[in-house]
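Read the figures in this text as sums done on the coordinates, not as results from a lab. Predicted, not measured: the structure shown is a model, and the values here were computed from it. So basically every Cβ, Gly included, is an ideal-geometry build from the backbone, and we count neighbours across all protein chains shown.
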Amino acid sequence: MKPVKLAYIGAGGIAQSHLRAISDVDEIEVVAVADLIRERAEETAAQWGIPHAYQDYREMLANEDIEAVSVCTYNQAHRAPTVDALHAGKHVLVEKPMAATLEDAAAMTQAAHETGKLLMVAVWTRFSPLRQAAKAIVDAGTLGDIYYAETVAARRCGTPGGTFILKETAGLGTTADIGVYCLDEALHLMGYPRPVTVSAISNNLLSKSYKPLLGVRHWGGEFSPELLGVEDFGVAFVRFENGAVLVFKTCWCMHMDSLGDTFFLGTNAGLKLRPLTVYRHQWSMLTDTAPQSVPPTDPQVQFRQENVAFARAIRDGTPSPVPPEELLITNVIIQGLIDSAALGREIEVSVPDV
């Protein structure tokens, strides 16, 4: 297969993770990189043998050799380069979350529809063996109709630093950082039902009074409670059009060892993800079935697989492996969580018509 000529917008930490993962991938040829900090773009180009480095991504998009771009900027800078790239005739792989606001996510989805170009959201956990095994179980009808689920992504003491905690760059905190992974996990297995109401709480009480602990490393850069402008805790009770309910829990910092497990209750069986187990009543007994030989998750492998899936979808003319229409629903729920928490009551939500 002729390699897809790919360019990067953003040369920070997540771009380095992608570049490392695809360094030996035949399906992709990285031909350019752009970053607001020109030196960082030039250093990345030199490190990975990329022929062109730019400071202005718009100048880079004028390069007709580029077929696709990977948007690896901070959350608040996802919309503009994605929309600009799509309208420049490029396919786009954009890092999760799709955007920091529902408005931005809707605009990005609409741009993909208007241009007919492929837009894929980089949620590497879609490619984990655990997720694929769980999806196979659900798709086989094992659970029946899922009527209730809980999904969890939490750290006891893991507030990041740098651009992750600034409102002007991140836009959102734990809900968009680690929460989007577990939210996509639940919605993916549930078939992406349409949410209708959200009742939520969010705050940053602990991180605002955070005192550094020995041995704790802040991913993303320096941490300062004074700079924290996003939530470190969020819980939402979500009702869907089909009558199902989801409890979504995420936090960076808490006085607890766990917020529970991710699990699904169905009319025929229940499913817990970690460890992967199916719970049923059969043969006049209670049975717990643990699938065997599910390989462990390897983020580096999954980064590679998502990039290869992106390239193959472009070459084969097939739909986006992680379509924006699905991740748009995560933005509906996250926006609902933030808005409901601010109002202190349940609110109605809807999926934008794009």
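Below are the figures for this structure:
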{"quantity": "Rh by Kirkwood over Cα pairs, then Stokes-Einstein D for the stretch 107-251 at 1.002 mPa s and 20 °C, µm²/s", "calculated": "125"}
{"quantity": "Degrees, to the nearest 10: 324-343 long Cα axis against longest axis of the chain", "calculated": "70"}
{"quantity": "Nearest 10 degrees, 0 to 90: helix 102-115 Cα axis against the chain principal axis", "calculated": "60"}
{"quantity": "Equivalent ellipsoid, the stretch 249-309 (semi-axes from 5 times Cα gyration tensor eigenvalues, Å)", "calculated": "28, 21, 11"}
{"quantity": "Reciprocal of mean inverse Cα separation for the stretch 1-51 (Kirkwood radius, Å)", "calculated": "10.9"}
{"quantity": "Distance violations [Cα-Cα > 30 Å] among K90/K208; K135/K208; K2/K272; K117/K272; K208/K272; K2/K96", "calculated": "K90/K208; K135/K208; K2/K272; K117/K272; K208/K272"}
{"quantity": "Computed helical MRE - 222 nm, the chain, DSSP H runs ≥ 4 contributing -39500 (n - 2.57), nearest 500", "calculated": "-10000 deg cm²/dmol"}
{"quantity": "Acute angle (nearest 10 degrees) that the helix 38-48 long axis makes with the longest principal axis of the chain, alpha-carbon atoms", "calculated": "80"}
{"quantity": "Computed P(r) (all Cα pairs; the stretch 168-252; 10 Å bins; percent)", "calculated": "16, 42, 26, 14, 2"}
{"quantity": "Normalised convex hull volume, the stretch 50-154, alpha-carbon set, Å³ per residue", "calculated": "169"}
{"quantity": "Gain in span if fully extended, E222 to H87, counting 0.36 nm per residue against the direct Cα distance", "calculated": "45.0 nm"}
{"quantity": "Candidates V196, V25, V247, ranked by Gaussian network fluctuation over the chain, Cα under 10 Å, top entry", "calculated": "V25"}
{"quantity": "Computed E for A62/D353 - FRET, C-beta separation, R0 35 angstrom, nearest 0.05", "calculated": "0.60"}
{"quantity": "At q = 0.11 Å⁻¹, base-10 log of I(q)/I(0) for the chain (Debye sum, equal scatterers on each alpha carbon)", "calculated": "-0.76"}
{"quantity": "FRET efficiency for M256 and D316, using Cβ-Cβ distance with R0 set to 51 Å, rounded to 0.05", "calculated": "0.65"}
{"quantity": "Part-to-part distance (alpha-carbon centres) for the stretch 106-165 and the stretch 220-248, which is given in Å", "calculated": "15"}
{"quantity": "Mean Cβ neighbour count within 10 Å, used as a protection proxy, ranking 118-129, 263-274 highest first", "calculated": "118-129, 263-274"}
{"quantity": "The stretch 229-354, Cα convex hull volume normalised per residue, Å³", "calculated": "228"}
{"quantity": "Rounded to the nearest 20 debye, dipole of the chain from Cβ charges on Lys, Arg, Asp, Glu", "calculated": "820"}
{"quantity": "Virtual paramagnetic centre 7 Å along Cα→Cβ of R156, amide N under 17 Å, in the stretch 231-254", "calculated": "251-254"}
